[in-house]
Amino acid sequence: QVPYGKVFTGEEINQALLSENPQEIVPSLDENGHGTAMAGLAAGNFVPTENFSGAAPKATIIVVKLKKAKSYLRKFYQYPPQAPVFQEDDIMLGISFAVKMAQEMGMPVSVCLGLGTNQSAHVGDSELSRYVDYINEDSQVSVSVAAGNEGAAQHHYTAELDYVKNQDTVELRIADKEEGFSMEFWGDPPDDYGISLQSPAGEKLYVSSSLGAGTQELSFIFVERMTGKQLIYFRFFHPAAGIWKVNVSKKGISGSRFHMWLPVQGLISPDTYFLESTPYITVTAPGDSTRGITATAYQYLDNSLYFQAGRGFTPNNQVTPDLAAPGVDLLIPLPGGAFGKASGSSLSSAVVAGA
């Protein structure tokens, strides 16, 4: 029933849990504990000795373990070797599998997506965001999505240009020994933007804005320009450490806004960031979907918002996140049966999924 991978039934999983060597029956492991924590918060059993319970302890659980992204994609986007990175098509197939399984069992399903990306215009038009909207049209399906933890990461920059101010300089600090990363520039159509890059050494090179679907190689950067939504895509290879400047100008007199995003935390050095960033419009995709329930995190002890959580709105003024749920210093189950503490919007999305 699946194009790749293997399906393990509840009977097999329970048999493995009672076995001295579970791996012989179900050869699968949660390597980082993220899935275990989310499944536990959404639908874990009541554990009196730990004073722990999932939001829906009597629910049936369908766990989809994602395979890691293909190596050539990891290489293209220059992701760290051990970073947990997955492909959009695999995520969509996982959602589809869970929904079909629930339909076969004659049950409604609450899907939880505790992941996110900055690789989009953040307006709900990525393939995964659209699929979340599509799957949510079924009255028996609900999808809860994490808002991401990019609010304090300094990975987003935005500015508005008009006839008075028709240019802007974006200062990007690149950490020492940064191997490489990508960066996306999204400008509001129909304006045409001019871009030049200045390295820490003072070199200044202009990026062509009329290449269509072609590419341009500069001595210190590779840039790809895609038409349609005014996307200029940057790939940095072994960049020099220091302050890089991206000079942005536009033609025309009407006002328009542009946005720039760096990769999410874990895929880039914490010391690489925009000097004059904004914490707003930092909800990761697919948290920008229209029909999904996007959850941000708050501290339930004093009702304060989690300072790292992604913030709204979307660039086209859509309201997101939809709500806040407990997500700070939560008691979570760990692989192997122990318990610990953790924070993040993924945990909030699990609580919402269970609710």
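The values are calculated or read from the model by the stated rules, or taken from the named source; none is laboratory data. Here the structure is a predicted model, which is why all the values come from computation and not from measurement. Backbone-built Cβ (ideal geometry, glycine too); neighbour counts: all protein chains shown. Note: accessible area is taken over every heavy atom of the protein model, side chains too, but ligands, DNA and RNA are not part of it. Shrake-Rupley method; radii C 1.70, N 1.55, O 1.52, S 1.80 Å.
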Would you pull out the residues with amide H under 5 Å of Thr294's amide H, same chain only if 5 or more places away, H placed 1.01 Å from N? Val145, Asp322, Leu323
Give me the mean projected area, in nm² to one decimal, of the convex hull enclosing the Cα positions of the range 61-214. 13.1
What residue among Gly116, Gly33, Gly148 shows peak mean-square fluctuation when the chain is described by a Gaussian network model with Cα springs under 10 Å? Gly33
Quick one: work out Rg over Rh on the C-alpha atoms of the range 1-148, Rh as Kirkwood radius. 0.97
Rounded to the nearest 20 debye, what is the charge dipole size of the chain about its Cα centre when +1 sits on each Lys and Arg Cβ and -1 on each Asp and Glu Cβ? 380
Semi-axes of the equivalent ellipsoid for the chain, please: Cα gyration tensor eigenvalues, times 5, square-rooted, ordered largest first, whole Å. 40, 21, 20
Stokes-Einstein translational diffusion, the range 236-281 - Kirkwood Rh over all Cα pairs, 1.567 mPa s, 4 °C, in µm²/s: 96
Among Pro57, Asn118, His34, pick out the residue whose Cα is farthest towards the positive end of the charge dipole of the range 17-130, where Lys and Arg carry +1 and Asp and Glu carry -1 on C-beta, about the Cα centre. Asn118
Expected 222 nm ellipticity per residue - DSSP helices of 4 or more, -39500 (n - 2.57), all of the chain, to 500: -5000 deg cm²/dmol
With all protein chains present, calculate the accessible area of Asp271 using a 1.4 Å probe and round the result to the nearest 10 Å². 80
So, with +1 on the Cβ of K and R and -1 on the Cβ of D and E, and no other charges, what is the size of the charge dipole of the range 41-133 about its Cα centre, to the nearest 20 debye? 360
Whole-Hz ³J(HN,Hα) for each residue in the range 256-271, computed from phi via Karplus 6.51 cos²θ - 1.76 cosθ + 1.60 with θ = phi - 60°, x for glycine and proline: what do you get? 8, 10, 10, 10, 9, 10, 9, x, 5, 4, x, 10, 8, 4, x, 9
Checked against the positive end of the charge dipole of the chain (+1 on Cβ of Lys and Arg, -1 on Cβ of Asp and Glu, about the Cα centre), the farthest of Ser289, Pro3, Pro200 is Pro200
Pair Val7, Phe313: separation of 7 Å Cα→Cβ label points (nm): 4.3
Using a basic spin-label model with each label point 7 Å from the Cα along Cα→Cβ, how many nm lie between Lys245 and Gln167? 1.0
For the range 228-342, what does the convex hull of the Cα positions come to per residue, in cubic angstrom? 198
May I ask which of Lys70/Lys341; Lys204/Lys251; Lys6/Lys341 have a Cα-Cα span longer than 28 Å here? Lys70/Lys341; Lys6/Lys341
How long are the three semi-axes of the equivalent ellipsoid of the range 1-56, in whole Å, if each is the root of 5 times an eigenvalue of the C-alpha gyration tensor, listed from largest down? 23, 15, 11
Can you give me the solvent accessible area of Asp162 with a 1.4 Å probe, rounded to the nearest 10 Å²? 50
Kirkwood hydrodynamic radius, the range 102-173, all distinct C-alpha pairs: what's the number in Å? 15.7
For the range 284-355, alpha-carbon Rg and Dmax in angstrom: 13.1, 44
